């Protein structure tokens, strides 16, 4: 039996290879970008694992559960390899719906948790804020525009200190320890902004840094927003930033992916208020216990 071989931990030198893999996979799930793998490598304890059928990343979630993330379509793996992977790791994750035909429920446990599901929005809807669902956001945007004039600039090496100033203000206002927020991954995203090939816009009010958004393309029709941070001093600034970002990408990307809510009730309420067109489920695939398989066979007889 081919045994798991740990190659090395995630490094910036792997960017080109992993980016090529993710482009070939062409998925809408936010986890499948090099930036997300790199920036959360410490939190998730990522390390490469190689099998005959491809490359994987082994990790650990917030609950301490061990899982393995495919870096290629796992439908190319034979039954023995899948069995071995799942015996050594709790589950495959995140698995898109597209791959589920490889994992019949007679043999595998297929589950998902909406805390981990990505929020997907129509770019056109976010750019227009039309209709009843956007009444509150439209009002906040109008109030912002009535009180403030915002200037913007692409995030670049010369203004990254301004973005770090905003991030620090945001963290201080969060009243939560940095290791309980995405402060560190966001700080690294700014530190290695060009190396990670990220896109971002920095917003100023009265020449003072006020907010920023960082993201990148997921596939040919979806743009993912990894981080959105803003000063709490400017009411309506988040609405302005999301609306402006959607206007920038309208016509090029049909969807915006705003990632998951991580079970945070306030974040869930906010993301739902923007009227998502749907949730992108991230499935977990694990082995069924023998007793479960026997029970299924009995039921079918």
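The values are calculated or read from the model by the stated rules, or taken from the named source; none is laboratory data. Bear in mind that the values here come from a model prediction, so they are computed numbers and not experimental data. Quick reminder, even Gly has a Cβ in these numbers, built from the backbone with ideal geometry, and neighbours come from all protein chains shown.
Considering only residues that are at pLDDT 95 or above and either farther than 27 Å from residue 28 by Cβ or over 19 Å from the mean Cα position of the chain (by Cα) (or both), which ones fall in region 173-193?
Listed by number, the list holds a single entry, 191.
For residues that are surrounded by 20 or more Cβ atoms within 10 Å (Cβ to Cβ) and out of contact with any strand residue (DSSP E or B) (no Cβ under 7 Å at 6 or more places or on another chain), scanning just region 37-64, find the one that is nearest to residue 115 (Cα to Cα).
Result: 39.
Report yes if residue 119 is within 27 Å of residue 264 (Cβ to Cβ) and over 18 Å from the mean Cα position of the chain (by Cα), otherwise no.
Taking the combined requirement at face value, the residue does not satisfy it.
Do we have any residue at all in region 1-16 that's at pLDDT 90 or above, more than 14 Å from residue 73 (Cα to Cα) and under 16 Å from the mean Cα position of the chain (by Cα)? Reasoning before the result, please.
Let us first name the residues in region 1-16 that are at pLDDT 90 or above, namely 10-16.
Okay, now just the ones that are also more than 14 Å from residue 73 (Cα to Cα), so 10-16.
Restricting the remaining residues to those that are under 16 Å from the mean Cα position of the chain (by Cα) gives none.
The answer is no; no qualifying residue exists.
Regarding region 102-112, can at least one residue be identified that is at pLDDT 90 or above and within 27 Å of residue 217 (Cβ to Cβ)?
Checked against the condition, which is being at pLDDT 90 or above and within 27 Å of residue 217 (Cβ to Cβ), region 102-112 yields at least one hit.
Applying the selection to region 261-288, what residues are outside any helix (DSSP H, G or I) and either closer than 19 Å to residue 238 by Cβ or without any contact (Cβ under 8 Å) to a residue 12 or more places away in the chain (or both)?
Passing the criteria: 261, 262, 264, 274, 275, 276.
Given the conditions (1) in contact with a helix residue (DSSP H, G or I) (Cβ under 6 Å, 6 or more places away or on another chain); (2) under 30 Å from residue 94 (Cβ atoms), report the number of the one that residue 200 does not fulfil.
For residue 200, the failing item is (1).
Can you tell me which residue within region 15-49, out of those that are out of contact with any helix residue (DSSP H, G or I) (no Cβ under 8 Å at 6 or more places or on another chain) and part of a loop (DSSP other than H, G, I, E, B), is nearest to residue 281 (Cα to Cα)?
Among them, the one singled out is 29.
Being surrounded by fewer than 18 Cβ atoms within 10 Å (Cβ to Cβ) and either on the phi < 0 side of the Ramachandran plot or under 20 Å from the mean Cα position of the chain (by Cα) (or both) is the filter here; which residues of region 205-216 pass it?
Passing the criteria: only 208.
So which of 60, 83, 88, 28 ends up being within 23 Å of residue 185 (Cβ to Cβ) and touching a residue at least 40 places away in the same chain (Cβ under 8 Å)?
28
Go over the candidates 219, 243 one by one and state the one that is modelled with pLDDT under 95 and within 21 Å of the chain's Cα centre (by Cα).
219
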